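What follows is one structure encoded as structure tokens, with my remarks underneath.
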Amino acid sequence: MTTAQQRPVLPSIILETERLRLRAFVEEDIDDVYATCNDPEFQRWLPLPRPGAPYTRADAELWCREIAPGTRIGGEGQQWAVVAKDTGRLVGAMGLVRVMWEAMNAEIGYWASPWARGRGYTGEAVVAVSRWALDQGFQRLEIKAATANIGSRRVAEKAGFTFEGVERSAMPLHEGRTDLAVYGLIPADRA
């Protein structure tokens, strides 16, 4: 198995779309990360930091200062703060995670801040990250979402990912385990 020291490191890059800037997390994002991660709808689908534990401001600080940048530095992927260009406010997060360098496969994970949901920001950011990742030579990208998380599943579908099946009891949530819908995108899907 490849060690962390041998893993490639993705470049520190800013991605832009018509309405969004995807950049590294910064100190100014801490309060918005904290607010988002304590939103009941967020908590319904993502068990952060772990089931049964509260998400604290210290967790948000750790995310912005160490965990998100450490993902790239450790060769594990990349995390972006998704920011609206018109306001400069954090509207979500986007990550290229669970990178399997030997196969050039990765998963895209995301969340939207409550004040930004329903505006198409997440789908727009997924398309930007997907295009960039395929341009970097990735051969397979996946999105996994709880089967009952209709909003997250719609994002995957609108971004051009193909539904491939269900992983049963694949993820712990605060209220038990859930099945995950699996979506895939490969270079041949870019038409």
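In terms of its C-alpha gyration tensor, segment 110-191 has an oblate overall shape, because the principal axis ratio a/c (a ≥ b ≥ c, square roots of the eigenvalues) is not below 1.5 and a/b does not outweigh b/c. Using θ = phi - 60° in the Karplus curve 6.51 cos²θ - 1.76 cosθ + 1.60, the 3J(HN,Hα) couplings for segment 76-86 round to 8, x, 7, 10, 10, 7, 9, 10, 6, 5, 6 Hz; x is entered for Gly and Pro. Dividing the convex hull volume of the alpha-carbon atoms in the chain by its residue count gives 122 Å³ per residue.
Taking every C-alpha pair closer than 8 Å and separated by at least 6 residues, the mean separation divided by the residue count of segment 1-84 gives a relative contact order of 47 percent. Per residue, segment 81-172 exposes 46 Å² of accessible surface when a 1.4 Å probe is rolled over the protein heavy atoms with every protein chain present. A run of the chain free of exposed loop cleavage sites, with GluC sites (Glu not before Pro) counted only in DSSP states other than H, G, I, E and B and at most 12 other beta carbons within 10 Å, reaches its longest extent at 19-101. Contact order for segment 96-186, expressed relative to its length and based on alpha carbon pairs under 8 Å spaced 6+ residues apart, stands at 27 percent.
In this Cβ point-charge picture (+1 for Lys and Arg, -1 for Asp and Glu), the chain has a dipole of about 260 debye about its Cα centre.
One chain, two ends: Ser169 and Ile150. Fully extended at 0.36 nm per residue, the span grows by 5.1 nm beyond their Cα-Cα distance. Of the trypsin sites (Lys or Arg not before Pro) found in segment 95-145, the ones in coil according to DSSP and having at most 14 other Cβ atoms within 10 Å of their Cβ are Arg119. Given the -39500 (n - 2.57) contribution per DSSP H run of 4+ residues, what per-residue ellipticity at 222 nm results for the chain, rounded to the nearest 500 deg cm²/dmol? Counting only the DSSP helices, I get -7000 deg cm²/dmol.
The values are calculated or read from the model by the stated rules, or taken from the named source; none is laboratory data. Given the structure is predicted, the values throughout are model-derived calculations rather than measurements. Note: ideal-geometry Cβ built from the backbone for every residue, glycine included; neighbour counts use all protein chains shown. These area figures cover heavy atoms from the full protein model, side chains too; ligands, DNA and RNA do not enter into them. Shrake-Rupley method; radii C 1.70, N 1.55, O 1.52, S 1.80 Å.
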